Ligand code: Q9C
Ligand code: ZN
């Protein structure tokens, strides 16, 4: 929406921005690091006092059992605890009418019968004498979180609140929601902190029609929601929840609805929507704050959602949002009614906010037909509003599928039968092996001159270990670049670092080399050879590294024997033209690394292929003359920590040494230090090149698909 279509302007600005970016990297102050957690047991006081099967699932144990699990995992102790408070009536009236606030206030002294009668005026709501103080505290907790993040006291955070908020409207309670916590927080961020662009990501499985209505004409709030819809047959059964509801007047394009028309959506469906719908628009929007309406009824096992996304999927969703808004992300609990699944999903969200590496994403990395239809439709609906989608050629789906969403083997009729059992045993399995993630540990193989950098703690620096001539011959095939002693020393460091990553002693690292092409060949050969003998410390049996993803930026020579090798997937951006094969993908020419073209390639090609491949290690190589902006390299680094559980080696040409500091922090889980800045679209020529390549490859890599054809 912002920025232009002028490729010429993009090209002229590129080199100066790139240099400025690198200079900036040298003197950046460290970003606020803490993760806030807000929880107050006063919010467990509200509960259903009569019999109502519809409202019976919104229970106090949603908070107590979630908090207990966070505490048991040691996550509470790692967070900055902030007190909740009750919002003022003035704050409530940022979104709600004084008349409605007075009605809710009046419930404090009502009898059970009066409460029940009032509840009947709304859809799927109950009241309790504690509803008013609890709902005020849910708002106040959300405001405390937003204030802490916007004043820089913490980097990000989460508020565990009840009652939830996103169905609540100016004059109405709805769907267990009394006051709209997130909508009030967004208004507060605008009015009290002067923010101009706020992104609300509503990953709850219900449509937050309350939030949508508050901001439907407001271009300063981009509202994204996915929701179980089933062609308008699922609650709240609104026409305005479909993909073609895009906002009103000046707010047109700033409401994004992704309807799920089938149940059983899985990790690949969720991640595909983030990569192909949310991320391009969010990057273009460049929010100053991200508010997540974090409902976990979209997680596996939930009786309302009936979806199949596993807890670790929420770690990935969080990771994909963290590069936005300099990491200023506030997650606020909405729904989530399967107590175990809810608690587990919250743990994984919070761990990701804390900077822990994300666990690998399980399941078949193929989005289902129904999800693809929704992706195609919502993209088509937003083409007029977003430059990042302007190259889209496909229109909306004309004849929606009748197949069920889950591409699994079972048939429509068999679905309800046994589903609960299957989900139950899957969950039991998941929960019986608690996730134990390695403590983030970063290694560096860089020249001694890097000693003056401001580097993250818990960092290992490889000492000089000169490579023998024999080793050099084995690994480097005596490349002419490696005849100098110093070059041998650099290679020795690189191999020592790589070995630690491959044997699981450290998670990620950065190596600098005078010749990255040669170093890349060394790393790949070593990876294949050592991978074959790797002993997995987690499961205690020999396992083999069989999938190495190499994302190479710039002009790099990769020896013939390492191309199309079967275990290596090579993605070369900005290099020489070669005919693409499924495992050697090239987006050629230096124009491919210009900001607009690169961002397009990142969300539509690099990340989908990376998630599809499910690599065990990601190697990112910045070749000579890599003209990516420092910011884009950081973005690439942060986002590629998803597909291989944070296992990553960055390989840089020694001229790029100044990038080491920023990238070490990025590997350690720190947010991007600056906003994404003005949006550049890809030139029509570059957009066509990316689109064409994705089309060619989508049979081999289904995560690339954005339409059903
Ligand atoms: N059987 C939240 O998740 N009941 N609210 C729908 C469909 C209302 C959900 C009935 C669900 C409200 C915050
Ligand atoms: Zn919900």
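The values are calculated or read from the model by the stated rules, or taken from the named source; none is laboratory data. Everything numeric in this text was worked out from a predicted model, so none of it was measured. Neighbour counts run over all protein chains shown; Cβ positions are idealised from the backbone, glycine included.
For residue 639, indicate whether it is at pLDDT 95 or above and touching a strand residue (DSSP E or B) at 6+ places or on another chain (Cβ under 6 Å).
The answer is no for residue 639.
Can you tell me which of 357, 323, 303 is at pLDDT below 95 and either over 30 Å from residue 194 (Cβ atoms) or in the same structural domain as residue 254 (by TED's automatic domain parsing) (or both)?
The conditions single out 357.
For residue 121, which of the numbered conditions (1) crowded, with 17+ Cβ neighbours inside 10 Å; (2) within 16 Å of ligand 1 (Cβ to nearest atom); (3) free of Cβ contacts under 8 Å to residues at least 60 places away in the same chain fails to hold?
(1)
Is there a residue in the range 653-672 that is touching a helix residue (DSSP H, G or I) at 6+ places or on another chain (Cβ under 7 Å), part of a strand (DSSP E or B) and at pLDDT below 95?
Scanning the range 653-672, I find at least one residue that is touching a helix residue (DSSP H, G or I) at 6+ places or on another chain (Cβ under 7 Å), part of a strand (DSSP E or B) and at pLDDT below 95, so the answer is yes.
Do we have residue 196 as at pLDDT 95 or above, out of contact with any strand residue (DSSP E or B) (no Cβ under 6 Å at 6 or more places or on another chain), away from ligand 1 (no atom under 16 Å from the Cβ) and not in a helix (DSSP H, G or I) here?
Criteria met by residue 196.
Within 16 Å of ligand 2 (Cβ to nearest atom), touching a helix residue (DSSP H, G or I) at 6+ places or on another chain (Cβ under 8 Å) and farther than 19 Å from residue 363 by Cα, is that true of residue 277?
So residue 277 does not fit the description; no.
Give, as residue ranges, the helices (runs of 4 or more DSSP H) completely inside the range 70-178 that count at least 2 residues that are in contact with a strand residue (DSSP E or B) (Cβ under 9 Å, 6 or more places away or on another chain).
75-78, 131-150
Condition first: within 16 Å of ligand 1 (Cβ to nearest atom) and over 15 Å from the mean Cα position of the chain (by Cα). Now tell me which residues in the range 301-316 satisfy that.
The answer is 301, 302, 303, 304, 305, 306, 307.
Do the conditions hold for residue 233, that is, is it free of Cβ contacts under 8 Å to residues at least 40 places away in the same chain and away from ligand 1 (no atom under 16 Å from the Cβ)?
Answer is no for this residue.
Scanning for something buried (at least 20 other Cβ atoms within 10 Å of the Cβ), touching a strand residue (DSSP E or B) at 6+ places or on another chain (Cβ under 6 Å) and touching a residue at least 40 places away in the same chain (Cβ under 8 Å), does the range 383-398 turn up at least one residue?
No: zero hits.
Output the residues belonging to the range 603-648 that are within 15 Å of residue 701 (Cα to Cα) and either without any contact (Cβ under 8 Å) to a residue 60 or more places away in the chain or in contact with a helix residue (DSSP H, G or I) (Cβ under 8 Å, 6 or more places away or on another chain) (or both).
Of everything in the range 603-648, those that are within 15 Å of residue 701 (Cα to Cα) and either without any contact (Cβ under 8 Å) to a residue 60 or more places away in the chain or in contact with a helix residue (DSSP H, G or I) (Cβ under 8 Å, 6 or more places away or on another chain) (or both) turn out to be 603, 604, 605, 606, 607, 608, 609, 611, 612, 643.
Here is a yes/no grid of residues against (1) under 29 Å from residue 674 (Cα atoms); (2) under 21 Å from the mean Cα position of the chain (by Cα):
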site: 204; (1), (2): yes, yes
site: 233; (1), (2): no, no
site: 237; (1), (2): no, no
site: 262; (1), (2): no, no
site: 265; (1), (2): no, yes
site: 276; (1), (2): yes, yes
site: 280; (1), (2): yes, yes
site: 291; (1), (2): yes, yes
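Looking only at the range 165-178, count every residue that is within 16 Å of ligand 2 (Cβ to nearest atom) and closer than 20 Å to residue 116 by Cβ and tell me the total.
Result for the range 165-178: 8.
Among the listed residues 233, 225, 217, which satisfies the condition of being at pLDDT 95 or above, in the same structural domain as residue 81 (by TED's automatic domain parsing), at negative phi and within 14 Å of ligand 2 (Cβ to nearest atom)?
Checking each option against the conditions leaves just 225.
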